[in-house]
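Q: Here it is, the structure in full.
The values are calculated or read from the model by the stated rules, or taken from the named source; none is laboratory data. The model shown is predicted, which means the values in this text are computed figures rather than measured ones. Glycine also receives a Cβ, built like all others from the backbone with ideal geometry; neighbour counts cover every protein chain displayed.
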Amino acid sequence: MKEHDRRDSGFTLLEILVVLAILALLVGLVAPAALRQLGGARNSVAKQSIARLETVLDMYKLDVGSYPSSEDGLDALLHKPGDAENWNGPYVKGNQVPRDPWNHEYGYQAPSTREGHDYDLCSGGANHVQAVPGASGAICNP
């Protein structure tokens, strides 16, 4: 009787393989959806960050009288440009210019290449395309 109990006390190889197959199917179905959600979340964070930087750039303009030049770029929010009279910064926390959710620099150009905009502020997006308006996948200020 003891030998019979010992044989029944574990899982068979077939049972373990069935469980592993079920787990693999679940991961195969759930993982792509989770990764899509992550990509969408980063796009949303990039749009929100651009909106925050727009507010900071507006504060800069109120103090200095104009937006930073393309040459000064977003670094003007941290370090006083030579020609900025009433600079009251730094306008962002930390000691480096904010980066997009993919850890790349935002593209900044002033004046804008688009009609009705004072400047262009863009992220290259997930594929890190050129961070300029009109580039496929670029996320820019509206």
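Q: For Thr113, state whether it is more than 16 Å from Asn43 (Cβ to Cβ), surrounded by fewer than 14 Cβ atoms within 10 Å (Cβ to Cβ), touching a Pro at 6+ places or on another chain (Cβ under 7 Å) and of a type in the set (Ser, Thr, Tyr).
A: So Thr113 fits the description; yes.
Q: Only one of Lys61, Lys47 is assigned to a helix (DSSP H, G or I), within 23 Å of the chain's Cα centre (by Cα) and of a type outside the set (Ser, Thr, Tyr); which?
A: Unique residue meeting the criteria: Lys47.
Q: Do we find that Gly116 is modelled with pLDDT of 85 or more, part of a loop (DSSP other than H, G, I, E, B), on the phi > 0 side of the Ramachandran plot and not hydroxyl-bearing (Ser, Thr, Tyr) in this structure?
A: Here the answer is yes, as Gly116 does meet what is asked.
Q: So, in the range 76-110, how many residues would count as being free of Cβ contacts under 8 Å to residues at least 40 places away in the same chain and touching a strand residue (DSSP E or B) at 6+ places or on another chain (Cβ under 9 Å)?
A: Of the residues in that region, 6 qualify.
Q: Right, another one. Which residues, taken from the range 70-98, are under 18 Å from Pro111 (Cβ atoms), of a type in the set (Gly, Ala, Ser) and surrounded by fewer than 16 Cβ atoms within 10 Å (Cβ to Cβ)?
A: Ser70
Q: On to the next question. Residue under question is Asn95, and the condition is that it be at pLDDT below 90 and touching an Asp or Glu at 6+ places or on another chain (Cβ under 9 Å); does it hold?
A: Criteria not met by Asn95.
Q: Considering each residue of the range 55-76, count those that are in contact with a helix residue (DSSP H, G or I) (Cβ under 6 Å, 6 or more places away or on another chain) and either at pLDDT below 90 or over 19 Å from His117 (Cα atoms) (or both), and give that number.
A: 0
Q: How do the pairs read when you match residues in the range 52-69 that are surrounded by 12 or more Cβ atoms within 10 Å (Cβ to Cβ) with residues anywhere that are among the charged types (D, E, K, R), using Cβ under 6 Å and keeping only pairs 6 or more apart or on different chains?
A: Every condition considered, the pairs that remain are Tyr67/Lys61; Tyr67/Asp118.
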